[in-house]
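Scroll down for the structure; my scribbles are underneath it.
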Amino acid sequence: MKLLVLGGTKNLGRHVVEAALRDDHEVTLFNRGVTNPGLFPSVRRLTGERADPGVLAAGEWDGVIDMSGFLVRDVRLSAEVLRDRVGHYTYMSSIAVYASKITPGMTEFAPLLPWPDGAPEDHFTMDLYGPSKVRCESLLSATFGDRTAAVRSGFVVGPYNPDFGNWGWALAHDTPMECAARPTQPIQYVDARDLAAFLLHLTVCGLPGPFNAVGPTRTMADLADSWRSVVPDPPPMNWSPTVDRFHLPHDGTNDGTFQLDNTRALTAGLRLRANEEAARDYVAWVQAGNTPPPPPH
Ligand SMILES: NC(=O)c1ccc[n+]([C@@H]2O[C@H](COP(=O)([O-])OP(=O)(O)OC[C@H]3O[C@@H](n4cnc5c(N)ncnc54)[C@H](OP(=O)(O)O)[C@@H]3O)[C@@H](O)[C@H]2O)c1
């Protein structure tokens, strides 16, 4: 299919582009040409700012995958330009959309965060990350109806991605694995390549609605054990609230965020690889000389 990717050159988006090229889709990238400009040299590229997406009026596509929609203003502008120019609009959203952080087992239809009165649609702050994703999903539904999907993920692991990168680094370099969260902290993640395949699948098949694209809930300790099992002589585990990764509250007030119900995504076609495979590949990627990127915030 003719596929437009908004973004596509940084952490997760590059896996989407790789998956699309592997499946012989005709890909067009839209970005500023700032991040990894040398990636995918043979792919058609439209250069521009999300705030000024007029260049997108020059084409038509069967589907778009939006990886760079953070600001409501930007998603509104691209939706206006693309309304009659694309078939399916798949939007990369986040698990940060949910109003509750403590309720276990939330499906996609659990209550979402409200939009704060008077908040700016054109200015990004971390406080507005979740509400902006909610508002973007809702404006896309209003514009595209059943021709849009919203994919909600949290931690994303895999080559080029920062999450759990410190564990990959520790295992590759035989330094202690660190975690500030408690060992019983519930946690969910998804491998970037599984997520990319799912984003593509939804777009190709035109599947609508929101999806919790997350893996099964494990405890941090269980997950650490499965990561440690991929090297013959694993380094020690340092569970301390003072280390610099995984600062999740010890009182359980963020536990629901990582106990989401992923049934709808699995039914729609999300395929999840084993934790050990994700860990082994991340360690191999570091051992090949790569450095995990810093966490985004
Ligand atoms: N753990 C996670 O990583 C995680 C979890 C949940 C959701 N998400 C969502 O995943 C998406 C980000 O993933 P990613 O960073 O890996 O995506 P990506 O598509 O690999 O990278 C971001 C892309 O956006 C482009 N871009 C940035 N600012 C732009 C602007 N002002 N105008 C036009 N293009 C712009 C960048 O290229 P240029 O710099 O060249 O413009 C780059 O290609 C976001 O929607 C995020 O909310 C991520």
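The values are calculated or read from the model by the stated rules, or taken from the named source; none is laboratory data. Note that this is a predicted model, so its numbers are computed, not measured. Cβ: placed from backbone, ideal geometry, glycine included. Neighbour counts: every protein chain shown. Just so you know, the surface numbers come from the protein's heavy atoms only, side chains and all, with ligands and any DNA or RNA stripped out. Shrake-Rupley method; radii C 1.70, N 1.55, O 1.52, S 1.80 Å.
For Arg45, the residues whose amide H sits under 5 Å from its own are Leu29, ignoring neighbours fewer than 5 places away on the same chain, with H placed 1.01 Å from N.
For the stretch 1-88, the carbon plus sulfur part of the accessible surface works out to 46%, probe radius 1.4 Å. A Förster radius of 41 Å combined with the Cβ-Cβ distance from Thr184 to Met1 puts the calculated FRET efficiency at roughly 0.40.
Here, the stretch 149-212 has an Rg and a Dmax of 15.0, 45 Å when only alpha carbons are counted. For His88, the residues whose amide H sits under 5 Å from its own are Gly63, Val64, ignoring neighbours fewer than 5 places away on the same chain, with H placed 1.01 Å from N. Entry note, the stretch 143-297: relative contact order of 39 percent, from Cα contacts under 8 Å with a spacing of 6+ residues.
Helices from the chain with mean Kyte-Doolittle at least -0.5 and a Cα length along the axis of 20 Å or more, per DSSP H: which? Membrane-span-like by this criterion, though nothing is claimed about a membrane: 129-144. Beta bridges from DSSP with both residues in the chain: antiparallel share about 10 percent, rounded to the nearest 5.
Charge dipole (Cα centre; +1 on Lys/Arg Cβ, -1 on Asp/Glu Cβ; no other charges) of the stretch 157-242 amounts to roughly 200 debye. Net charge dipole, the chain: roughly 320 debye, given to the nearest 20, about the Cα centre with Cβ charges of +1 for Lys and Arg and -1 for Asp and Glu. The Cα center of the stretch 33-76 and the Cα center of the stretch 86-150 differ in position by 20 Å.
Orientation-averaged projection of the chain equals 14.9 nm² [convex hull of Cα atoms, one quarter of hull surface area]. Close amide-amide hydrogen proximity is noted between Leu112 and Ala99, each under 5 Å apart and 5 or more residues distant or on a separate chain (H modeled in the peptide plane; Pro and chain starts excluded). In the stretch 1-148 the Cα-Cα distances spread across 10 Å bins starting at 0 as 11, 40, 34, 14, 1 percent of all pairs. Looking at the stretch 1-119 alone, DSSP beta bridges between its own residues are antiparallel in about 5 percent of cases. Note that the stretch 14-89 presents 46 Å² accessible area per residue, ligands and nucleic acids not counted, probe 1.4 Å. The residues packed around Thr35, meaning those with a beta-carbon under 15 Å from its beta-carbon, carry a net charge of +4 if Lys and Arg are +1 and Asp and Glu are -1.
For Trp115 and Asp146, the difference between the fully extended length at 0.36 nm per residue and the C-alpha to C-alpha distance is 8.9 nm.
Working note: Debye formula, equal point scatterers on the alpha-carbon atoms of the stretch 72-122, no solvent; log10 I(q)/I(0) at q = 0.16, 0.27 Å⁻¹ is -0.69, -1.07. Oblate is the label for the stretch 209-297, because the ratio a/c of its alpha-carbon gyration tensor axes (a ≥ b ≥ c) is 1.5 or higher and a/b is not greater than b/c. Keeping all protein chains in position, work out how much accessible area Phe109 exposes to a 1.4 Å probe, and write it in Å² to the nearest 10. Its accessible surface works out to 140 Å², give or take rounding. As a length-normalised measure over Cα pairs under 8 Å and 6 or more apart, the relative contact order of the stretch 129-217 settles at 42 percent.
Its Cα centre serving as origin, the stretch 1-136 has a Cβ charge dipole (Lys and Arg +1, Asp and Glu -1) of approximately 260 debye. Taking every alpha-carbon pair under 8 Å whose residues sit at least 6 apart, the chain reaches a relative contact order of 21 percent. With both labels modelled 7 Å from their Cα along Cα-to-Cβ, the Asp233 to Cys205 distance reads 4.7 nm. Per residue, the stretch 131-239 exposes an accessible area of 32 Å² to a 1.4 Å probe, with every protein chain left in place. Between Ala284 and Ser226, the simple label model (points 7 Å from Cα in the Cβ direction) yields a spacing of 1.8 nm. Model label sites at Asp122 and Ala51, defined 7 Å from Cα along the beta-carbon direction, differ in position by 0.7 nm.
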